[in-house]
Amino acid sequence: IAMSVPVLYAVLRYIIPPQSRERLLEAVTIAKTGDIPATGVKRVKFNKKPVYLFRTATGQIKALSGVCTHLGCVVEFIPEETRFHCNCHSSVFTMEGTNLSGPAPRPLDSYRVEIKGDDITIMAKKS
Ligand code: FES
């Protein structure tokens, strides 16, 4: 019976292969609450895409995609205006992600944020 354990393991590994490396992550603990400035933003990467973390006026931590909804350029945060600008075709977004001007057809995507202790976890939206 002892001889069968490695065999069983090999069979199970074959039936249940390790997860593909290409798979997109659904949730990542990406930063500590102390990393997020009181004003301004922290840029991180989630599934190789830029994400901006920042505090709202009420102190809540929000995660907005940094990918412009027009043609996918990376938007930049402009501290003087507290807005995001896309340099490709001049779309402008508010801190809520709303598209204010330019060709962007819709708001920036946002991610669900979960705070546990000091850890900030962001989750891909299920659509
Ligand atoms: Fe951002 Fe065109 S890609 S405005």
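General observations
- Cα pair distances in the chain, grouped into 5 Å bins until the bin that holds the longest one, percent each: 2, 10, 18, 18, 15, 11, 6, 5, 4, 4, 4, 2, 1, 1, 0
- Near ALA27, the amide H atoms lying under 5 Å from its own belong to ALA124; only residues 5 or more places off or on other chains count, and H is placed 1.01 Å from N.
- Taking ALA104, ALA57, ALA31 in turn, the Gaussian network model of the chain (Cα-Cα springs below 10 Å) assigns the largest fluctuation to ALA57.
- Charge dipole magnitude, Cβ of K and R +1, D and E -1 - the chain, Cα centre, debye nearest 20: 360 debye
- A Gaussian network model of the chain, with springs between Cα atoms under 10 Å, assigns the largest mean-square fluctuation among LYS62, LYS116, LYS42 to LYS116.
- Within the same chain, aspartates and glutamates fewer than 8 places from LYS49 are excluded, and of the rest, those with a Cα less than 15 Å from its Cα are GLU22, GLU26, GLU76, ASP109.
- Å² of accessible area per residue within the chain, as computed with a 1.4 Å probe and no ligands counted: 68 Å²
- Springs join every pair of Cα atoms under 10 Å in this Gaussian network model of the chain, and among VAL41, VAL75, VAL11 the largest mean-square fluctuation is at VAL11.
- Rounded percent of accessible protein surface that carbon and sulfur make up, the chain, 1.4 Å probe: 56 percent
- Cα-projected label distance for VAL74 with SER4, points at 7 Å along beta-carbon direction, nm: 5.5 nm
- Where labels lie 7 Å past Cα in the beta-carbon direction, separation of ALA57 and ALA38 in nm: 1.8 nm
- Dividing the mean sequence gap of close Cα pairs (under 8 Å, 6+ apart) by how many residues segment 2-127 holds gives a relative contact order of 21 percent.
- Per-residue [θ]222 nm for the chain (sum of -39500 (n - 2.57) over DSSP H runs n ≥ 4, rounded to 500): -3000 deg cm²/dmol
The values are calculated or read from the model by the stated rules, or taken from the named source; none is laboratory data. Bear in mind the structure is a predicted one, so any value in this text is a computation, not a measurement. Note: ideal-geometry Cβ built from the backbone for every residue, glycine included; neighbour counts use all protein chains shown. With ligands, DNA and RNA removed, areas are computed over all heavy atoms of the protein, side chains included. Shrake-Rupley method; radii C 1.70, N 1.55, O 1.52, S 1.80 Å.
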